[in-house]
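K.L.:
My questions will all concern the structure given below.
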Amino acid sequence: MPMERYKRRVLPPSSEKVEEWLKEVPLWRRNTNYAWHEGVAQKPNAREERDRGSVPASREEARDWEDVRLGDHLRELCQHFVVERPSSSRPPAPAPSKAKKKRRVSDGGIQVVDLSDPAGPSSAEAFSSLFSNSQEDLVLPAHFRDLSSRKNFDEFKQQLGSGVDYVFTLLLMAKAYGRGPPSAKWRSAGQYFTSSTGLGKDQKKVLKTKVGTSFSQLDPEGFLVGVCLKPASQRSGGSVDFLPICEAKACSAKVSEEVSVEERVKLFERFLRSPSHGHVCYDVQGVIRRVHTAGPSGLITHPKTKILDLKLISWLIEPGLVHDGVIESYGHGTLARHFGIEEACGCPVGGDPFSLVSHELEVSKAMAGVLYRQVTKLPTELVTFNMGVEMNVASVLANMGSFSYDLREIQRHEGKIRQTLNELEIEANALAGEEINVRSPSVLARIFYDVMRAPPMTSKTSRNQNPRSTDEARMQKLAKLNHPKISRLASIVLEYRKQAQVISKWIEADWIKSSGCSARDSSKVLLQSQWSQTSTATGRIASSNPNLQAVTKCELVRNAFSPSEEGKLFLALDYSQIEIRLLAHLSGDEKLCALLVAGGDIFENLAQSSWLKAVQQTSPSEKASARDQAKRVVYSIIYGTSAMALGQQLEMPVQRAQQLRKSFLSSFPRLQEFMSLVVSEARRNKYVETILKRRRYLRDITSSDRQARAAAERKAVNTVVQGSAADLIKVAMVRWSRMRKSTPEARSTKLMAMIHDELLFEVPKEAVHSQAKLLEEIMCGVFPNLKVPVVVNASSGSTWGSLKPLQL
């Protein structure tokens, strides 16, 4: 496209260079097609312009013609696009070739220092002190205004009441240390990055290269240097306000420090609450969390919803971008490329961090304009209400509590675990008749399918299914095979993987090292997970670094998680079977609603109903089997599981699984009507809505590809039910947060984690029962007009692994 050709052209390094650049590269000599000029200048009527003589009448005339108006317009356009950059010794980036351009990795102003102690620092804290004292000062360029200066601080404070909108981001630094050969000195390195882009894999490789192979990063999120702010109405270039949050010695910045750190953090809090049309940032949750961690405790609370979070609003407008394969993630750079913004704003020049900050602010400003135009086309309730909910949830997640993680609790059992692994390896070698690597899938496949002649997997579920698979599902099937050697070896593989996972995920994991918790660190570590609102298209909140939602239910691991303060207990409140309750409400099936109103175990009640009358239920094992069948059939409807996959789960023929599902739907006819209605509305609207009217667009719902269309239909039903469950628990979190602020006795309660449909709190021992009743009331009263009761189960304990049921 001509416009794409224009955006890919090399832009001038600054607005002052536009005139010189225009003379060097005459626009009309490159392309004399006025349609291109019309696309750039957005002129409504080319014919009128030509008749007035303001444009050439033909291409031939255009070759020797220069229009002052064109130059003026292009100059204005360039001033909007071009990023003002500090002087740099690096030349402008060359024009890209037709071949795919490899993205340049900036060194981010990396600094490397040799440490005097050849044995390395004794702890993370000791290293941090060494690092801070050995770094060179970070000098602010002339166009950055230091807000730690009292004069600049007071001027900015006065501006907050004038309603100025700002674009802001955080400047951070990744600190790492390591060494190459054992005899080499330990080296430290620091690399700057922003909260918008994060520290990428390539930047981590640069750090590892600088410090050596024995590599440890002190903080996975980076150390906060300061907040960078720029008025949204300001053109490219101009001044940027820099608000240092850490002390100068901690962030290696040469700043005034006339204003205390506490005052600076309070100013940032006031900035978040300042009256404006809307400040712009990327990932407001991460911004609040980092400032809250770096500054004095308890200063950052809830920002107003007048903040345009580029990450959240992009997800809210199009939650399926990632999951439909359109983009890789809701990352700042990915979204910029998706909207065609990054190239138009230019590329950051130089390795200094302030060039990077200036670039990110310009990209964010341009992205905000694109998103704002899309938001205005959407219904008010979708944007206003749901954005308000998501912004409040972001604030709750940013203020999540920290677990006390005791690595010694697991290390006490580490020797026994390794001994068990050794014994399993010896037995596996004896069964295989040779020494094998139990961790290698290819070796296991050879032993199982070539040596032992295990039957290969035959499945019509997926064309890409590996018939020689050694995954967990396949091992579980082989373990039940009537073959002593094959079944025993499969059982050994399953147990080996379970035990090895404890060591790899909970003793030697990277997040443990980066948290400063190591074998030489005898103290406990305060562990805080990262929470994402944009990782799923349904709206479910996800956890990472570490993933608390994937923590095994093994007591050995969960007992290592304890409250962060003495005299407190864990209190867990879990929505009981919330998805099937929402399915009953949304479908309005009277028979299913009656079973839920009656109380008791819904799956046992379903197992005893007429649709499963063909299943004999005389012995306890048969009753348990019937309950499991009822549960799996119900969730196959919610999750859109195929009959083939359902048959594999229930270990029965596909025809039998299909009959069970049809029997269930015929016994509860309104469910089938509900599913058909959801799919038909999705075809008509090209989207589905949750109970709070949050949308998910389904591109393939009318596809001619049968498989793609069927997948979209399953997503439609799943999104309505699961998305509504996500809405429910999000509103519960927001209401608890508001109650906590207004109720003195609840202020000592902290929200620690959100595990699917469960909220985990940290409460004082003496307040467990009172807080449990209060929280149950909040969680059950989120949607008071449901056709079925909402049930919440409570449990408490001194560790995560010792939770016991609590009677309310």
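K.L.:
For region 741-808, what log10 I(q)/I(0) values come out of the Debye formula at q = 0.12, 0.22 1/Å, with one point per alpha carbon and no solvent?
P.N.:
-0.33, -1.08
K.L.:
Using amide H atoms built in the peptide plane, which far-off residues or other-chain residues are under 5 Å from Leu806 H to H?
P.N.:
Ala794, Ser795, Ser796
K.L.:
Quick check on packing: order 626-633, 436-443 by the mean number of other C-beta atoms within 10 Å, highest mean leading. If you can, show how the numbers build up before the last one.
P.N.:
Working: 626-633: 19.9, 436-443: 14.0.
By packing density, highest mean first, the sequence is 626-633, 436-443.
K.L.:
Turning to a different aspect of this structure: Could you check the spin-label model distance between Arg706 and Phe783? Points 7 Å from the Cα along Cα→Cβ, value in nm.
P.N.:
Result: 3.5 nm between the two label points.
K.L.:
Which order do peptides 150-162, 639-651 fall in by mean Cβ count within 10 Å, highest first?
P.N.:
Listed from highest to lowest mean packing, they are 639-651, 150-162.
K.L.:
Okay, next question. If the viscosity is 1.002 mPa s and the temperature 20 °C, what translational diffusion coefficient in µm²/s does Stokes-Einstein give for region 358-430 when Rh comes from Kirkwood over Cα pairs?
P.N.:
118
K.L.:
Of Lys201/Lys553; Lys730/Lys750; Lys741/Lys787; Lys266/Lys750; Lys773/Lys804, which pairs sit farther than 24 Å apart, going by alpha carbon to alpha carbon?
P.N.:
As for pairs spanning more than 24 Å Cα to Cα, those are Lys201/Lys553; Lys741/Lys787.
K.L.:
Thinking of region 699-740 as a set of Cα atoms, what percent of all their pairs are more than 13 Å apart? Kindly include the intermediate steps, with their values, before the conclusion.
P.N.:
Working: 532 of 861 pairs.
So the pairs more than 13 Å apart make up 62 percent of the total in region 699-740.
K.L.:
So for region 674-808, averaging the separation of alpha carbon pairs under 8 Å that are six or more residues apart and normalising by length, what relative contact order in percent results?
P.N.:
Relative CO of region 674-808 lands at 14 percent.
FYI, it's all coordinate maths here, none of it is from the lab. No experiment lies behind these values; they were computed from the predicted model shown. Note that we place each Cβ from the backbone using ideal geometry, even for glycine, and neighbour counts take in every protein chain shown.
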